[in-house]
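What follows is a set of notes on a single structure, which appears directly below.
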Amino acid sequence: MYEKVIGFIRDLYSDKLKDGKGVVPLHAPCFVGNEKKYLDECVDSTFVSSVGAFVDKFEEGIAKYTGAKRTVVCVSGTNALHLAMLLSGVRRDDEVLTQALTFVATCNALSYIGAIPVFIDVDKDTMGLSPKALRKWLSENAEIKEDKTNCRDASRDFEFMPKSGLAAYNKRTGRRIKACVPMHTFGHPVKIDEIADICREWHIELVEDAAESIGSFYKGKHTGTFGNVGAISFNGNKTITTGGGGMLLFNNEEFGAFAKHITTQAKVPHRWAFVHDHVAFNYRMPNVNAALGCAQLEHLEEFVLNKRETASRYATFFKDVPDVDFFTEPSDCRSNYWLNVLIMRDKKAQQEFLQYSNDHGVMTRPVWDLMCNLPMFKDCEIDGLAATRWLADRIVNLPSSVRL
Ligand SMILES: *Cc1c(COP(=O)(O)O)cnc(C)c1O
C-alpha cells in the first residue's frame, strides 16, 4: 500500500522532481511573479533596510486581504508573537493557556517574558485548542479576582490593551492567567469564536497564533483577527514568504500605531535628532523582505486555491486507501491547507510510513514533539491531553507545495 501512495505523491508533484529523480519536498516556496522585479526596484532605490515603500505597501495589502484594521510587519513570526504577548499585558510569572501540539515558537515567545505555559487539550477535528477543554479547565482551576498587578513606569510597560480591573487566577498556583494562545494547526482554523467568548468571560486576552494560517478563514473572517491581536509568519516554508518575516494583525488603529513605534526603537519622529520615548525593539521587517512579500501577496489567493485543489486530490485518493484518514478542513472554515495531514489509524504505522516515504523520495514529517515533552516545558501544568497525544502518535505531514 505504501508503494501506491508514494507513486501517487510523486506523480502529483512531478513538477517538483528534476529528471523525475529528486525528492518531493514538504513545502517549497513558489516564485512565479514580480519577485525579481520588486527586488531590483528595491536595490535600485537604495532603501533596502528599515524604511521604504514596500513596507507600507505590504502592510496595507495584508490589512486589506485579512480585514485587519492595522498591520505591522516584523522580522519574524516569533517576534511578532513576542510583541503580541507584551502588548496584551503578559508579564513575568503570568500563566498563558496554549496547546502542546504547536511549533516551539509559540512557547518561546511567552518564555522571553518569563511567563509560563499551561497546556490545554486540542480537538481531534481541528487539531487546535479545544474550547470544551478550555472551559472545563478554567471552571475547575481558575477564579476571577481583582487584578492587583502594579502599573509600572509607562515608558517601560508594553501593556496596551484596555484593562477591566479583573483577571483570572490559577487557584492552585496563585498566578494570574493573562492570555490564551490558540494556534491554527497546519492552517486549519480552531473554533475561534467559542474560544474568544470564553476569553472574554474570564478576562483573558486572546492572542491568535495564526503563523500557519494566512489565507484561512473561519465563518468568513480571517484567522488572526478575532482578538485584539494576532500574529502570522512569512518564513520560507509558509504559504507565502518574505525569506523571514512576520506580521501583527490588529483590530484597532491605535494598538497598531503603538506596536509600530516599539518595533522601530520607539524613535520620536524628527528630521535629525535621536530621541526615543519607550523601551523598544528593532523588530521591523527590512524593505528588501517586504519587496518579496508584495510580489508573493499578488499570488496568495491563487496559491491557496491551488493548495486546496491538491488537498481535494489527496482526499479522493486516500478514500480508497485502508487504515488511513486524510484530514479535511473543519466545518465553517476555508482552510489554506498549509501542510496536508494524514492520520494513521494504527500508531505503529506512523513510524513505518515515515521511514518508507523518506527512503523513497517523498519528504514526510511527524508533528512536532509535544511542548510538554521538551526540557524547557516539561514541568508545566497539563490538562490530560488525551486528544493531543492521540494525534501526535498518528499525524504524518504530506508534501504540500503549490503545484505549477
Ligand atoms: C512558523 C511558526 C511560528 C514562527 O514563525 P517564524 O517566522 O518562523 O518565526 C510560530 N508559530 C507557529 C505555529 C509556526 O508554525
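Computed from the coordinates by the stated procedures, all read-outs in this text should not be read as laboratory data. None of the values given here were measured: they were computed from a predicted structure. Note: ideal-geometry Cβ built from the backbone for every residue, glycine included; neighbour counts use all protein chains shown.
Taking a temperature of 25 °C and a viscosity of 0.890 mPa s, what whole-number D in µm²/s does Stokes-Einstein yield for region 247-404 with Rh from Kirkwood over alpha carbon pairs?
Details: Rh = 20.0 Å.
In µm²/s, the coefficient rounds to 123.
Relative to 2.2 N^0.38 Å, what does the C-alpha radius of gyration of the chain come to as a ratio? Two decimals please. Present the calculation step by step, with values, prior to reporting the outcome.
Numbers: Rg = 21.5 Å, N = 404, 2.2 N^0.38 = 21.5 Å.
Output field value: 1.00.
Leaving out same-chain residues fewer than 8 places away, which lysines sit with a Cα under 19 Å from that of Lys221?
Of all the lysines, those that pass the test against Lys221 - Cα under 19 Å, at least 8 places apart if same chain - are Lys64, Lys69, Lys191.
What ranking do 5-14, 261-270 get when scored by the average of other Cβ atoms within 10 Å per residue, highest first? It would help to have the intermediate numbers written out before the result.
Working: 5-14: 17.2, 261-270: 15.1.
Result, highest mean first: 5-14, 261-270.
For Arg152 and Tyr112 in one chain, what is 0.36 nm times their gap in residues minus the Cα-Cα distance, to one decimal in nm? Let's see the in-between values first.
Values: separation 40, 0.36 × 40 = 14.40 nm, distance 1.85 nm.
Full-extension gain reported as 12.6 nm.
Rounded, prolate or oblate for region 14-88? Axes are the square roots of the Cα gyration tensor eigenvalues, ordered a ≥ b ≥ c, and the cut-off for rounded is a/c under 1.5.
Numbers: a/c = 2.33, a/b = 1.46, b/c = 1.60.
Oblate shape, in that a/c is at least 1.5 and b/c is the bigger or equal ratio.
Within a Cβ distance under 14 Å of Met183, other residues only, what is the Lys/Arg minus Asp/Glu net charge?
-3
So how far apart, in nm, are the two label points at Asp369 and Glu41 if each is 7 Å from Cα heading toward Cβ?
Here the answer is 4.5 nm between the modelled labels.
Given that compact globular proteins tend to follow 2.2 N^0.38 Å, what is the ratio of the alpha-carbon Rg of region 260-345 to that value? Mind showing how you got there, number by number?
Numbers: Rg = 22.2 Å, N = 86, 2.2 N^0.38 = 12.0 Å.
Scaled against compact globular proteins, the figure is 1.86.
So what's region 303-364 giving for Rg/Rh, alpha carbon basis, Kirkwood Rh from the mean inverse pair distance? Each step should come with its number before you reach the end.
Details: Rg = 12.7 Å, Rh = 12.8 Å.
Dividing the radius of gyration by the Kirkwood radius yields 0.99.
Mean residue ellipticity at 222 nm from the helices of the chain, using -39,500 (n - 2.57) per DSSP H segment of n ≥ 4 over the full residue count, to the nearest 500 deg cm²/dmol? Walk me through the intermediate numbers first.
Details: 12 runs with 138 residues, N = 404.
Computed ellipticity for the chain at 222 nm equals -10500 deg cm²/dmol.
Quick one: compute a quarter of the convex hull surface over the Cα atoms of region 152-305 and quote it in nm². The partial results should precede the final answer.
Details: hull surface 46.7 nm².
The orientation-averaged projected area of the Cα hull of region 152-305 comes to 11.7 nm².
Over the Cα atoms of region 79-237, each weighted equally, I'd like the Debye log10 I(q)/I(0) at q = 0.13, 0.17 Å⁻¹, rounded to two decimals.
-0.54, -0.95
Which pairs break 27 Å Cα to Cα here: Lys16/Lys260; Lys57/Lys163; Lys148/Lys378; Lys18/Lys57; Lys171/Lys260; Lys136/Lys163?
Lys16/Lys260; Lys57/Lys163; Lys148/Lys378; Lys18/Lys57; Lys171/Lys260
Sequence gap at least 6, Cα distance under 8 Å: using those rules, report the relative contact order of the chain to the nearest whole percent. Could the numbers behind the result be given before it?
Working: 890 pairs, mean separation 100.4, N = 404.
Computed over the chain, the figure is 25 percent.
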